[in-house]
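The values are calculated or read from the model by the stated rules, or taken from the named source; none is laboratory data. The structure presented is a predicted model; accordingly, all values stated were derived computationally and were not measured. Because the Cβ atoms are built from the backbone with ideal geometry, glycine has one as well, and the counts that use them run over all protein chains shown. Ligands, DNA and RNA are stripped out before the accessible areas are found, and what is left, the full protein with its side chains, is counted by its heavy atoms. Shrake-Rupley method; radii C 1.70, N 1.55, O 1.52, S 1.80 Å.
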Amino acid sequence: MSDYDAEIAFLGEWGRFQQKVFYLLCLTAIPNGFTGLSIVFLADTPAHRCVVPAHVNLSAAWRNSSIPLEEDQSHGGALVPSKCSRYKIDAMLSYSDRGLLPGVDVNLSHVPQESCLDGWEYDRSQYISTIASEWDLVCDDSWKKPMTSSVYFCGVLTGSFITGQLSDRYGRKIVLFLTIAIQTVFTFSQAFAPSWTVFCALFFVVGLAQISYYVSAFVLGTETLGPRVRTIFSTAGMCMFFGLGYMFLPLLAFFIRDWRKLLLCLALPGFLYVPLWWFVPESPRWLLSKGRIGDAEAIIRAAAKTNKIEPPSVIFSPLQLKELASEKKRAHNICDLLRSRNIRWISITLWLVWNTVTIAYFALSLNTSNLHGNVYFNCFLSALVEMPAYAVSWVMFRWYSRRLSLFSTLFTGGLFLLLIQLIPADLIYFAITLEMIGKFAITTAFAVVYAYTAELYPTVLRNTAVGTCSMASRIGSITAPFFIYLRSYSISLPYILMGSLTVLSGLLSLLLPESYGMPLPETITHMQHFPGCCRRTPYSLTHIEEEEKAAEHTKNSSQN
């Protein structure tokens with residue numbers, strides 16, 4: 001309904017009802033912060049080297065020299081012990097039995113090498129165990145580590161695809177709590193995974209549920225709260241609570257060094273959300289879009305009672321109910337995002353922007369374990385940087401153009417990532433500072449694009465549209481771990497690729513329509529226009545738009 005906000009304005013902006021909805025929905029975002037990025041610690045690879053069996057009768061000199069030295073690009077080309085090879089046991093035994101000393105009597109470059117046939121020994125000073133050390137995800141199997149994250153993001157992709165449609169069909173609230181339960185149960189089950197394959201299968205479902213309930217909570221709050229509070233909720237609100245969860249992750253991981261126990265700890269908060277079912281209402285906007293006028297009015301009257309306000313005897317006029325009845329005749333689905341020229345170009349542009357933002361955000365977040373220094377501090381710093389970023393996103397969203405806010409943050413983030421490759425190798429902390437500034441800008445862009453997308457699409461398609469944008473972006477999140485994997489070939493290559501894509505995406509975002517100061521659209525015809533799509537003749541409208549135009553015309557004629 002185009003004047004929904006005006007009809008419920010009697011509730012006020014920040015009564016007890018709005019406060020309850022705001023904080024309870026924000027609380028549901030906390031597990032997203034530590035679940036989505038827990039792989040930083042679950043799959044971190046400790047320092048490791050080939051095992052030389054204890055029963056092999058080598059002299060102390062040969063046992064200490066059993067691992068060849070090789071250049072490490074991440075340490076500026078310094079020589080470090082090999083992680084994936086050792087000198088052949090038979091050759092070392094032969095030299096040892098003859099009393100020859102390595103590097104003195106024997107040139108080590110001439111000693112043949114072999115792979116780690118007896119497994120690896122891992123440094124236990126930082127972790128008791130990770131999935132990398134338990135299932136040997138190193139050397140020839142090192143690809144399994146980024147693949148683990150990619151499987152999770154494949155689940156996120158699947159969840160983004162189905163969740164929006166389920167939520168638009170069955171309701172925001174039921175999908176929210178169902179997917180919270182699924183994530184909790186499967187995260188708990190992961191702690192007992194007997195193999196890497198089973199772990200990945202469970203992780204897929206966790207990813208599916210994680211994005212599903214985040215998007216459902218995001219849209220539920222956006223549709224239930226008033227215009228001013230909606231802006232805070234969709235930028236700083238949900239995102240800051242996500243950031244709090246992210247900040248808890250390194251703190252928990254610091255005290256719980258075993259990956260199975262850490263997973264059990266991360267699963268427990270999900271059980272605390274069960275009672276919220278009786279306190280979080282369904283979206284009145286969604287109920288109205290489904291023609292459930294009585295249920296919507298009941299929630300609004302209950303909200304008025306909570307806010308100690310006397311509601312009017314008639315909340316929605318007969319003309320508005322007639323408009324709803326005409327809109328209810330046709331169900332909308334994901335295909336409607338491409339059906340007309342205007343919505344098609346908006347959707348394609350947003351999909352590209354979301355994709356790039358997601359690549360940069362998750363690649364930088366997952367890269368914290370590779371940064372110089374303590375991994376727990378680096379992860380905490382990466383999470384801490386997000387808090388002011390979310391505050392800035394709210395300020396920008398509250399007072400500035402949506403389009404320019406998105407452009408400026410993307411362009412700035414990409415520029416700082418490109419500058420990292422110009423920093424000398426000895427200025428490590430300066431390079432980390434630039435990376436954190438880039439993370440700050442990209443995190444701000446991530447918060448802005450979520451809220452911006454919700455404003456551009458109508459109620460009849462909003463959850464489907466946000467879910468589909470999230471789905472399109474998962475191509476980026478699936479590839480993000482492999483962007484970091486490129487470090488093994490060149491330290492600067494990931495930053496060059498991420499920076500270039502982010503700058504280009506910022507320029508592309510300038511094509512999007514402006515939504516600042518506009519009411520939330522209720523139907524497709526209420527949407528803002530993409531450049532070049534605003535001067536369309538009536539006969540070029542799709543049948544969806546024709547039906548909505550006819551309904552709008554009938555309403556205006558009745559009012560006149």
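For this structure, a couple of remarks:
- Segment 177-255: C-alpha gyration tensor shape, a/c 1.5 cut-off, then a/b vs b/c: oblate
- Radius 14 Å from Cβ of L415, net charge of other residues (Lys, Arg +1; Asp, Glu -1): 0
- Between the amide H of V106 and those of L101, distances stay under 5 Å, these residues lying 5 or more places away or on another chain, with hydrogens modeled in the peptide plane.
- Packing-based ranking, highest mean first, of 254-261, 381-388 given that Cβ atoms within 10 Å are counted: 381-388, 254-261
- In nm, spacing of pseudo-spin labels at Y429 and E134 (7 Å Cα→C-beta vector): 3.7 nm
- Calculated from backbone phi, Karplus (6.51, -1.76, 1.60) coupling profile of segment 177-182 in Hz, x at Gly/Pro: 6, 5, 6, 4, 5, 5
- P(r) of segment 1-141 over all Cα-Cα pairs, binned every 5 Å from zero, in whole percent: 2, 8, 12, 13, 12, 9, 7, 5, 4, 4, 4, 4, 4, 4, 3, 3, 2, 1, 0
- Take every Cα pair under 8 Å whose residues are at least 6 apart in sequence, average their separation, divide by the length of the chain, and the relative contact order is 21 percent.
- The loop-placed trypsin sites (Lys or Arg not before Pro) in segment 80-123, going by DSSP, that have at most 13 neighbouring Cβ atoms within 10 Å of their Cβ come out as R98.
- Its relative contact order, with pairs defined as Cα atoms under 8 Å and 6+ residues apart, puts segment 30-121 at 34 percent.
- Cleavage-rule hits, trypsin sites (Lys or Arg not before Pro), segment 438-484, DSSP coil, Cβ neighbours within 10 Å at most 14: none
- Cα gyration tensor shape for segment 371-425, rounded if a/c is under 1.5, else prolate or oblate: oblate
- Gyration tensor (alpha-carbon) shape descriptor, segment 138-295, a/c threshold 1.5: prolate
- Here's how it looks for Q113: its modeled amide H is under 5 Å from those of K88, which are all 5 or more places away or on a different chain.
- Residue-averaged [θ]222 nm for the chain, counting only DSSP H segments that reach four residues, each worth -39500 (n - 2.57): -20000 deg cm²/dmol
- Pairs from K173/K261; K144/K261; K145/K173; K145/K439 whose Cα-Cα separation, in the structure shown, is over 27 Å: K173/K261; K145/K173
- Debye, to nearest 20: dipole size of the chain, +1 on Lys, Arg Cβ, -1 on Asp, Glu Cβ: 1340 debye
- Angle between the chain longest axis and helix 293-306 axis [Cα atoms, degrees, rounded to 10]: 80 degrees
- Remark: segment 24-35, residue by residue, has Karplus-estimated 3J(HN,Hα) of 5, 5, 5, 4, 5, 7, 4, x, 4, x, 8, 6 Hz, where x stands for each Gly or Pro and the curve is 6.51 cos²θ - 1.76 cosθ + 1.60 at θ = phi - 60°.
- Solvent exposure of the chain as accessible area per residue, Å², 1.4 Å probe: 42 Å²
- Among the chymotrypsin sites (Phe, Trp or Tyr not before Pro) in segment 368-475, those located in a DSSP loop and surrounded by at most 14 other Cβ atoms within 10 Å of their own Cβ are Y400.
- Counting only protein heavy atoms and a probe of 1.4 Å, the accessible surface of the chain is 64% carbon and sulfur.
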